[in-house]
1. Looking only at the range 70-84, which residues have a backbone nitrogen under 12 Å from a spot 7 Å from the Cα of Val100 in the C-beta direction?
2. Give the Cα extents of the range 52-208 along the principal axes, in whole Å, largest first.
3. Calculate, in nm to one decimal, what Ile69 and Phe112 gain on full extension: separation in residues at 0.36 nm each, minus their alpha carbon distance.
4. List every residue whose amide H lies under 5 Å from the amide H of Leu183, counting only residues 5 or more places away in sequence or on a different chain, with H placed 1.01 Å from N in the peptide plane.
5. Rounded, prolate or oblate: pick one for the range 122-207, where a ≥ b ≥ c are the square roots of the eigenvalues of its C-alpha gyration tensor, a/c under 1.5 means rounded, and failing that, prolate if a/b is larger than b/c, else oblate.
6. Using Cβ contacts closer than 10 Å as the measure, can you line up Leu64, Leu89 from fewest to most?
7. Calculate one ³J(HN,Hα) per residue across the range 153-161 by plugging θ = phi - 60° into the Karplus curve 6.51 cos²θ - 1.76 cosθ + 1.60, and present them in order as whole Hz with x for glycine and proline.
8. With each label point set 7 Å from Cα along the Cα-Cβ vector, what nm distance links Lys140 and Glu41?
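Read-outs: derived from the displayed coordinates by stated rules, not from any lab. None of these values were measured; they are calculated from a predicted model. Neighbour counts are summed over all protein chains in view; Cβ atoms, including those assigned to glycine, are modelled from backbone coordinates with ideal geometry.
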Amino acid sequence: MVYNRKNITVQIIKQIDSHFSGIRIFAKLKDIYNCMEFLNEQIDVKGLPDITDIQAEKLAANYLKVIFITRGLTSFIFITGIVVAAILLKDISVTIRFSVAGLLIILFIWFFSLSSKVFNTRSYAIRQRDIIYTRGLLFKSTTIVPFNRIQHAEIVSGPIDRFYNLSSLKIFTAGGSQSDLSLPGLLSSDAARIKSFIISKTAQDEEE
């Protein structure tokens with residue numbers, strides 16, 4: 001091979017280019033490493049999304065009737081038991097017996113009268129990655145269950161629910177034998193649609 005000035009110049013340029021290519025690759029690897037470093041930066045709480053901005057869905061209107069019926073039956077059974085006990089407990093003075101019975105009856109009437117308020121406090125929302133359920137009159141609670149934590153879901157309905165074409169959706173997460181979320185007062189068709197959506201989302205998360 002004949003080495004002339006042109007060949008030597010080409011070889012030098014190739015070596016320089018190879019050298020700088022290695023530097024560029026090293027710099028790229030360093031950038032990737034820096035991106036992989038563990039970060040634990042502080043989050044501004046005020047900048048987080050506000051859950052109250054969600055347009056929550058109310059439960060089916062007929063569910064209020066179910067609440068009235070179940071609370072009415074419960075109140076009737078307890079009031080009947082209180083009256084019978086007040087009559088049979090003759091060792092206690094009549095004044096005390098009927099005063100206590102009257103107080104308990106008032107409490108159960110108050111318990112029954114709260115049915116509509118209890119109904120209005122319950123709502124739910126379906127988002128892309130989770131389901132939200134809000135309930136509670138005196139003590140309000142909001143439960144959020146991510147779809148990637150759900151193991152399975154089932155639909156249940158009692159005799160009164162079936163009469164009004166309603167169902168409850170129970171959601172179970174991994175590692176739990178009891179349902180982590182019970183969503184009552186849904187139209188049976190809506191409960192079936194929500195269940196199908198949840199199953200499709202959990203299957204999609206498993207594939208990813």
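1. Counting only backbone N, you get 82-83.
2. 72, 31, 30
3. On the way: separation 43, 0.36 × 43 = 15.48 nm, distance 0.95 nm.
Length gained between Ile69 and Phe112: 14.5 nm.
4. Those qualifying (amide H under 5 Å, at least 5 residues apart or on another chain) are Leu169, Lys170, Ile171.
5. Numbers: a/c = 1.75, a/b = 1.26, b/c = 1.39.
Here the range 122-207 falls in the oblate category.
6. Values: Leu64 17, Leu89 14.
In increasing order of surrounding Cβ atoms, one gets Leu89, Leu64.
7. 9, 9, 10, 10, 7, x, x, 5, 4
8. It works out to 3.2 nm between the two label points.
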